[in-house]
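Enquirer: I'd like to ask some things about the structure below.
The values are calculated or read from the model by the stated rules, or taken from the named source; none is laboratory data. Since the model is a prediction, treat every value here as computed from it, not as a measurement. Cβ placement follows ideal geometry from the backbone for every residue including glycine, while neighbour counts extend to all protein chains displayed. The accessibility values were calculated without ligands, DNA or RNA, using every heavy atom of the protein model including side chains. Shrake-Rupley method; radii C 1.70, N 1.55, O 1.52, S 1.80 Å.
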Amino acid sequence: MNYLQAVILAIIEGITEFLPISSTGHLILASSFFGIAHDDFTKLFTVVIQLGTILSVVVLYFKRFFQSFDFYFKLLVAFIPAVIFGLLFSKKIDALLENPATVAVSLLLGGIILLKVDDWFATKTEITSNQEISYLTALKIGLFQCLAMIPGVSRSGASIVGGMTQKLSRTTAAEFSFFLAVPTMLGATVKKCYDYYKDGFVLTHEQINFLIIGNVIGFIVALIAIKSFIGYLTKNGFKIFGYYRIIIGIIMLVICFSFPKLLSI
């Protein structure tokens, strides 16, 4: 990895983490194009820079994080499924993370679903406050989030759609998805760092600089992305993200099967 690649990957993370287009999928595809997808530090980098994007949520919704203890318990309930599935299927998940074709298919199928989401829930969304979310609803959203363990599915997309199946408005579902990202991504980062530490992985001075730059850029870009996404989603819905995913998915499938060397496959 070089500094330019670190900056580009951080920008991608900041833009895509909270949009329903899969940050993990985009990072896998980008790092594959760079020829560094299988590098151990790249895998660590793409997880650790999530800390910057987590911080953007805390900064934007600072007051909401202190609204009640009940709020934290609901996040905990929603977070538990990710912990369980992550521990049970960590090796299979790691294997999928190295397969651009899996990402391409997930992007394509997810895009088709997003084209239909607005119509499916046009008259079913009612809850407009995170305080109205029940513990059972939080658990169901957490189960939907687990679908994002398949690269290309999108953590935010899965949890937002999960919220809408429980009669949450688009905005409320998106905001709860943002809040849920904090423990989920923090947990994933801590586990990944621990695994690397246990294996004796030692960071160089340059790699530490990459991580610092990545988190700072990810934080700034994510701030802009979250504010823009909420406004756009409230007014326009998911269709543009569905079309985007379908286009990218088709392009990536063509590359995977016709020009695999471009993705270092």
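Enquirer: Taking all protein chains together and a probe of 1.4 Å, list Arg155, Arg245, Arg170 from the most accessible to the least accessible. Before the final figure, lay out each step's value.
Expert: Details: Arg155 30, Arg245 5, Arg170 60 Å².
My answer, sorted largest first, is Arg170, Arg155, Arg245.
Enquirer: On to the next question. Return, for the Cα atoms of the stretch 155-209, the radius of gyration and Dmax in Å, separated by a comma.
Expert: Cα only, the stretch 155-209: 16.6, 49 Å (Rg, Dmax).
Enquirer: Could you report the accessible area of Met1 in Å², rounded to 10, computed with a 1.4 Å probe on the protein chains as they sit in the structure?
Expert: 50 Å²
Enquirer: Could you give the radius of gyration (one decimal) and Dmax (whole number) of the Cα atoms in the chain, in Å?
Expert: Cα-based Rg and Dmax for the chain come out at 17.7, 54 Å.
Enquirer: I would also like to ask the following. Which residue, Gln50, Gln166, Gln207, has the most motion in a Gaussian network model of the chain that connects Cα atoms within less than 10 Å?
Expert: Between Gln50, Gln166, Gln207, it is Gln207 that shows the largest mean-square fluctuation.
Enquirer: If you count, for each residue, the other Cβ atoms within 10 Å and average over each peptide, how do 177-187, 8-18, 211-221 line up from highest to lowest? If you can, show how the numbers build up before the last one.
Expert: Working: 177-187: 21.3, 8-18: 23.7, 211-221: 19.6.
Taking the mean over residues of other Cβ atoms within 10 Å, the ranking is 8-18, 177-187, 211-221.
Enquirer: Summing +1 for each Lys or Arg and -1 for each Asp or Glu, what net charge is found among the other residues whose Cβ lies under 15 Å from the Cβ of Phe62? Could you put the intermediate results ahead of the total?
Expert: Values: positive: Lys63, Arg64, Lys227; negative: Glu175.
Net local charge, Phe62 excluded: +2.
Enquirer: I would also like to ask the following. Rounded to two decimal places and with Rh computed the Kirkwood way over Cα pairs, what is Rg over Rh for the stretch 110-265? List each step's numbers first, then the result.
Expert: Numbers: Rg = 18.3 Å, Rh = 17.8 Å.
Ratio value, two decimals: 1.03.
Enquirer: Return one number: the angle in degrees, 0 to 90 and rounded to the nearest 10, between the long axis of the Cα atoms of helix 170-198 and the longest principal axis of the Cα atoms of the chain.
Expert: Around 30 degrees separate the two axes.
Enquirer: When the helix-only estimate is applied to the chain (DSSP H runs of n ≥ 4, each -39,500 (n - 2.57), divided by the residue count), what is the mean residue ellipticity at 222 nm, nearest 500 deg cm²/dmol?
Expert: Working: 12 runs with 197 residues, N = 265.
Result for the chain: -25000 deg cm²/dmol, rounded to the nearest 500.
Enquirer: How far apart, in nm, are two points set 7 Å out from the Cα along the Cα-to-Cβ line at Lys167 and at Asp118?
Expert: 2.4 nm
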